[in-house]
Amino acid sequence: MTEGGADTARWVAAEKAHCWHPFTQMRDWCAPESEPLLLVSGQGALLRDAQGRDYIDGNSSIWTNLHGHRHPRIDAALRDQLDLVAHTSFLGFTHPPAAELAQELVALWPGGTLNRVFFSDDGSTAMEAALKMVAQYWQMRGEPERREFVAFSNAYHGDTMGASSLGGIAGFHGRFSAWQFPATHLPDLSGLDALDPAKVAAVVIEPLVQGAAGIRLWPPGMLRELRQWCDRHGVLLIADEVMTGFGRTGTLFACEREGVAPDFLVLAKGLTGGYLPLAATLTTERVFEAFLGGPERTLYYGHSYTANQLGCAAALANLAIFREEKVLDRLQPKIRLMGELLGALRSQGFVREVRQCGFISGIELSREDGTPFAPERFTGARVCQRARHYGLLTRPIRDVVVFMPPYCISEEQLHSAVNALSRAIEEGCV
Ligand SMILES: Cc1ncc(COP(=O)(O)O)c(C=O)c1O
């Protein structure tokens with residue numbers, strides 16, 4: 001890939017003529033005045049555009065990247081794997097990277113908790129797998145009346161029909177409600193009392209913090225309390241750690257913070273360090289055993305690229321980096337620095353609230369009197385556009401600017417990223 005202006009016009013023309021982007025109003029994207037950013041390379045926490053300009057990857061390439069771009073260890077693991085084979089079917093065959101990865105993933109949990117790994121491609125498909133497992137599990141256990149899925153208001157669990165049934169963001173999912181299965185959405189744990197627990201199949205939660213809701217933090221202890229409720233009533237607990245997994249909250253998994261082991265753990269995004277689409281649904285031996293028997297007990301679910309060998313090799317390298325580079329230890333001072341730097345934004349006009357959980361943060365913007373901006377003003381998007389001008393890439397969720405850079409970001413880069421945010425807020429909010 002070359003860098004340079006000459007090709008940029010050709011790429012932009014081809015892209016505007018033929019690409020369709022997720023979550024994007026394509027009329028605006030394709031408008032003559034819109035200038036899509038063409039990213040051509042990366043190094044560490046930086047991404048470079050076709051003009052050779054560098055930007056800090058302030059949302060870790062949509063919350064996926066952990067150790068930076070072109071990490072030598074993951075790059076080498078992928079090259080080594082390419083010398084063997086890129087992909088083979090996991091349907092009817094197996095391979096060493098998947099076997100090793102499954103073993104390493106379950107070893108991250110206390111013995112006897114999560115012991116089985118079902119691979120898929122992304123957060124949505126890993127959620128979908130969990131939902132089908134839950135549904136079939138209760139049928140096979142002879143409790144078909146346990147059909148109800150419980151999720152939380154403003155939740156986000158992906159965009160396949162099943163996963164989106166549990167989503168609580170009307171703007172994303174409401175239009176498809178006629179095709180989704182009914183799910184109960186609770187604002188918090190107080191709603192549990194109104195349920196008939198004997199009908200509940202599973203509760204699903206983004207532990208500690210809801211991402212797409214706008215980086216909303218759950219109260220401390222809430223996850224533990226939910227686990228206790230599930231235990232009391234024999235209900236399965238699904239922890240969606242697609243965003244929070246692999247160190248984002250400061251511990252390897254968010255569930256660790258409250259000493260909780262779920263019945264299903266859903267992992268994606270950071271599993272490969274942000275390199276390749278690979279996801280995993282972990283569950284207990286108890287659930288797995290219910291599926292053993294004749295053909296009618298088989299889980300008929302899967303995808304062509306399940307357990308892709310390159311993805312598994314990248315994931316193994318990702319886990320080795322955590323072990324060998326003491327990633328979590330080295331992250332703690334950066335979490336504190338992020339808190340200090342963002343803390344200074346609190347006193348800035350237009351900043352309603354700064355929320356942080358580990359290395360995840362969201363800056364909620366409002367008018368100076370604390371009331372929300374009119375939605376049609378797209379203030380969050382404007383601020384992110386201005387931040388780009390100052391060398392920082394990130395995306396808003398409505399008027400919450402998300403900031404969650406790769407863990408490898410230097411202190412100096414953290415300072416310049418927050419400076420960029422501060423200037424962008426000042427300019428984008430007026
Ligand atoms: C908590 C959570 N679950 C599931 C998903 C869906 O993952 P994917 O986009 O990989 O399908 C996301 C995506 O942002 C997420 O944040």
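The values are calculated or read from the model by the stated rules, or taken from the named source; none is laboratory data. Remember, predicted model here, so these are calculated numbers, not experimental data. Neighbour counts run over all protein chains shown; Cβ positions are idealised from the backbone, glycine included.
Observations on the model:
- Restricting the range 64-78 to residues that are assigned to a loop (DSSP other than H, G, I, E, B) and out of contact with any strand residue (DSSP E or B) (no Cβ under 7 Å at 6 or more places or on another chain) leaves a set whose member that is nearest to ARG248 (Cα to Cα) is LEU66.
- One residue stands out among those in the range 33-68 that are surrounded by fewer than 21 Cβ atoms within 10 Å (Cβ to Cβ) and of a type in the set (Asp, Glu): the one that is nearest to the ligand (Cβ to nearest atom), which is ASP49.
- Within the range 270-302, the set of residues being in a helix (DSSP H, G or I), under 24 Å from ASN318 (Cβ atoms) and out of contact with any helix residue (DSSP H, G or I) (no Cβ under 7 Å at 6 or more places or on another chain) comprises just one member, GLY270.
- Residues in the range 303-312 that are within 16 Å of the ligand (Cβ to nearest atom) and either outside any loop (DSSP other than H, G, I, E, B) or not assigned by TED's automatic domain parsing to the domain that holds LEU101 (or both): GLY311 alone.
- Condition met for ARG70 (within 30 Å of LEU319 (Cβ to Cβ), of a type in the set (Lys, Arg) and in contact with a Leu (Cβ under 9 Å, 6 or more places away or on another chain)): no
- Residue match in the range 288-300 (condition: away from the ligand (no atom under 16 Å from the Cβ) and under 22 Å from the mean Cα position of the chain (by Cα)): no
- Number of the exception - ALA202 against (1) crowded, with 24+ Cβ neighbours inside 10 Å; (2) within 12 Å of the ligand (Cβ to nearest atom): (2)
- Test for TRP20: is it surrounded by fewer than 18 Cβ atoms within 10 Å (Cβ to Cβ), in a loop (DSSP other than H, G, I, E, B) and among the aromatic types (Phe, Trp, Tyr): yes
- Looking only at the range 359-387, and only at residues there that are under 26 Å from the mean Cα position of the chain (by Cα) and more than 20 Å from ASN419 (Cα to Cα), the one that is surrounded by the most Cβ atoms within 10 Å (Cβ to Cβ): PHE378
- For beta carbons closer than 7 Å, sequence separation of 6+ or different chains, a first residue in the range 120-133 that is under 16 Å from GLY167 (Cα atoms) and in the same structural domain as SER164 (by TED's automatic domain parsing) and a second that is among the aromatic types (Phe, Trp, Tyr) and near the ligand (Cβ under 9 Å from one of its atoms), there are no qualifying pairs.
- Residue in the range 314-344 that is farthest from ILE363 (Cα to Cα), counting only those that are assigned to a helix (DSSP H, G or I) and among the acidic types (Asp, Glu): GLU324
- Being crowded, with 22+ Cβ neighbours inside 10 Å, in the same structural domain as ALA126 (by TED's automatic domain parsing) and under 16 Å from THR64 (Cβ atoms) is a property that does not hold for ASP263.
This table checks each residue for (1) outside the structural domain of ALA239 (by TED's automatic domain parsing); (2) in a loop (DSSP other than H, G, I, E, B); (3) in contact with a Cys (Cβ under 6 Å, 6 or more places away or on another chain); (4) at pLDDT below 95.
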site: ILE56; (1), (2), (3), (4): yes, no, no, no
site: ILE62; (1), (2), (3), (4): yes, no, no, no
site: ASP80; (1), (2), (3), (4): no, no, no, no
site: PHE93; (1), (2), (3), (4): no, yes, no, no
site: LEU105; (1), (2), (3), (4): no, no, no, no
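- Residue in the range 220-229 that is among the small types (Gly, Ala, Ser) and within 16 Å of the ligand (Cβ to nearest atom) present: no
- Candidates TYR390, TYR407 - the one that is among the hydroxyl-bearing types (Ser, Thr, Tyr) and under 23 Å from THR251 (Cα atoms): TYR407
- Residues of the range 360-387 that are under 23 Å from GLY250 (Cβ atoms) and either free of Cβ contacts under 8 Å to residues at least 24 places away in the same chain or not β-branched (Val, Ile, Thr) (or both): SER361, GLY362, GLU364.
- Subset of the range 238-256 that is among the charged types (D, E, K, R) and within 16 Å of the ligand (Cβ to nearest atom) - its residue that is surrounded by the most Cβ atoms within 10 Å (Cβ to Cβ): ASP240
- For the range 127-183, the candidate set comprises residues that are among the hydroxyl-bearing types (Ser, Thr, Tyr) and either within 16 Å of the ligand (Cβ to nearest atom) or touching a Cys at 6+ places or on another chain (Cβ under 7 Å) (or both); within that set, the residue that is farthest from LEU265 (Cα to Cα) is SER153.
- Selection over the range 235-259 of residues that are under 20 Å from LEU278 (Cα atoms) and in a loop (DSSP other than H, G, I, E, B) gives a count of 10.
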